[in-house]
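Report on the structure given below.
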Amino acid sequence: MSNTHAVRRFAPRKLVLLLGLLLAALTLSTLGAGAAHADEINTDQYDYVIAGNVQFDGEPIEDVLISVKGSGYEAEVVTDADGKWRIGVPEKETYTVSLDEDTLPKGVVVAKGGSTIDAEFGLTKVKSVNFFLGEGERTTVSFFDQFVNRFVNGLNFGLLLALAAIGMSLIFGTTGLSNFAHAEMITFGALATLTLSVTLGVPIWLAIIVAIALSGALGFGLDAAIWKPLRKKGVGLIPLMIVSIGLSLALRYTFQLFYGGGTSQLPGSGMADLKFGPISLSPIDLASMGISVVVLLAVSYFLLRTRIGKATRAVSDNPSLASASGIDVDGVIRIVWIVGGALAGLSGVLWAYFRPGVSWDMGFQILLLVFAATTLGGLGTAFGALVGSIIVGLFVELSTLWLPSDLKYVGALVVLILVLLLRPQGILGRKERIG
């Protein structure tokens, strides 16, 4: 699909300015959540604490990096001069505590028990975690092995991101709407799967299928109840975008009201990784990549070979001309909302396994990346969204080889802005004269 009318609506300079503001906001939030260069983090913010003491031969070791991850929460801290560290956590759940052996003195390694420990709270609000150190040589992973492993993980992330980005691109291409509530459509798919599989006991494969169908129904309902009446009244694109922001906030906090602020796991999360040389993938990761490829091929066939798909491309190119040619524009838009909702719901399920975990704001966490992928590939172009998603996914994962993990999303948006400065219409977008 082309980008004929989309480029006329948004001047490149305005688009770069908007993305710059989004980047600044994300940077501020990210820097606030970075690794702490002290012996404790978030202990005043949260009621539960994981703590420990790193020593070797009775002597404390300073500046050892400790990370805690679990239930959608991540934090890092370094030990103080006494070898002590403390990290506050939001819930009484099981967390994975890791010690970075590269930050240990030369000749000191984790002698037994491993550098990663699962910490589960008991009756108290404080969980103690200690690592057993000894003398020895550390086994390091080569840069090439790390690159290959993260490349595959980036491809997996890019494929699930593409499902959401293509749905957003189809909606933008046919309606011109920048839908901020697309994040909540992503969240809805994961929450519906969680409710069906965990609460109601439906088999996970059936729960996912039903959740995707419900996500498509949500897309249809939102269009019928909100977007179609607003289009009929001739509401402009900027007011529509503001409405989508309000809808996003309303849905997000409705999810929090009913599901709480915690994180839950879908059945099958946490499976042991399978080793393929330097590549580590769980069975869920393999299934996720396979499902993504099959669905993306099906969407490609739908757009290129079916009458409805060709009509969708025609409406995206020029709605007025498509209507004059006898195409039911409203019918096409209705189908696009159903397909976009279903793709977003499936993306939410795969994102819940990739994170891992289901939470009330999980869709919002990747909204900027979905926008970045859609814009990078070319506004309104479904295949451009696929290309942009793969690039963003790879960059996000590979950038952690050089950048702190907390900055990986910011780096992806920096690349987006640089590309738009050189090619404002995006990678596959069609260049048009503005004005």
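Taking springs between alpha-carbon atoms closer than 10 angstrom, which of LEU240, LEU200, LEU160 fluctuates most in the Gaussian network model of the chain?
Fluctuation is largest for LEU200.
Among all stretches of the chain without exposed trypsin sites (Lys or Arg not before Pro) (DSSP loop, at most 14 other Cβ atoms within 10 Å), which one is longest?
234-430
With Cβ to Cβ distances under 14 Å as the rule, what net charge do the other residues near TYR259 carry (K, R +1; D, E -1)?
Details: positive: ARG252; negative: GLU91, GLU184, ASP361.
Net charge around TYR259: -2.
For a quick check of understanding: with a 1.4 angstrom probe and all protein chains in place, what accessible area in square angstrom does GLU120 have, to the nearest ten?
120 Å²
Once a ≥ b ≥ c are taken as the square roots of the eigenvalues of the Cα gyration tensor of region 115-208, is the result rounded (a/c under 1.5), prolate (a/b larger than b/c) or oblate (a/b not larger than b/c)? It would help to have the intermediate numbers written out before the result.
Working: a/c = 2.79, a/b = 1.51, b/c = 1.85.
Oblate, because a/c is 1.5 or more while a/b does not exceed b/c.
Pull up the DSSP beta bridges for the chain and report the antiparallel fraction as a percent, rounded to 5.
Rounded to the nearest five, the antiparallel share is 85 percent.
Lys and Arg at +1, Asp and Glu at -1: add these up for the other residues within a Cβ distance under 10 Å of GLY173 and post the number.
Numbers: positive: ARG313; negative: ASP317.
Charge balance near GLY173 sits at 0.
In square angstrom, rounded to the nearest 10, how much accessible surface does LEU230 have for a 1.4 Å probe?
40 Å²
Work out from phi, with θ = phi - 60° and the Karplus expression 6.51 cos²θ - 1.76 cosθ + 1.60, the ³J(HN,Hα) of each residue of region 331-340, listed in order in whole Hz, and give x for Gly and Pro.
Residue by residue, region 331-340 yields x, 5, 4, 4, 5, 4, 5, 5, 5, x Hz.
Could you state the number of Å between the C-alpha centres of region 358-396 and region 197-267?
18 Å
Out of residues 5 or more away from GLY357 or on other chains, whose amide H comes under 5 Å of its own, with H placed 1.01 Å from N in the peptide plane?
Here LEU266 satisfy the definition.
When the Karplus curve 6.51 cos²θ - 1.76 cosθ + 1.60 is applied with θ = phi - 60°, which whole-Hz ³J(HN,Hα) does each residue of region 146-163 get, with x for Gly and Pro?
Result, rounded to whole Hz: 5, 4, 5, 5, 6, 4, 5, 4, x, 5, 4, 5, x, 5, 5, 5, 5, 4.
What does the charge add up to near SER71, with Lys and Arg as +1, Asp and Glu as -1, over the other residues with Cβ less than 15 Å from its Cβ?
Net charge in that neighbourhood comes out at -3.
Before rounding to the nearest 500, sum -39500 (n - 2.57) across all DSSP H runs of length at least 4 in the chain and divide by the residue total; then give [θ] at 222 nm in deg cm²/dmol.
One gets -17500 deg cm²/dmol as the mean residue ellipticity at 222 nm.
The values are calculated or read from the model by the stated rules, or taken from the named source; none is laboratory data. Values in this document were obtained by computation on a predicted structure and should not be read as measured data. Cβ: placed from backbone, ideal geometry, glycine included. Neighbour counts: every protein chain shown. Protein only, heavy atoms only, side chains kept; ligands, DNA and RNA dropped before computing areas. Shrake-Rupley method; radii C 1.70, N 1.55, O 1.52, S 1.80 Å.
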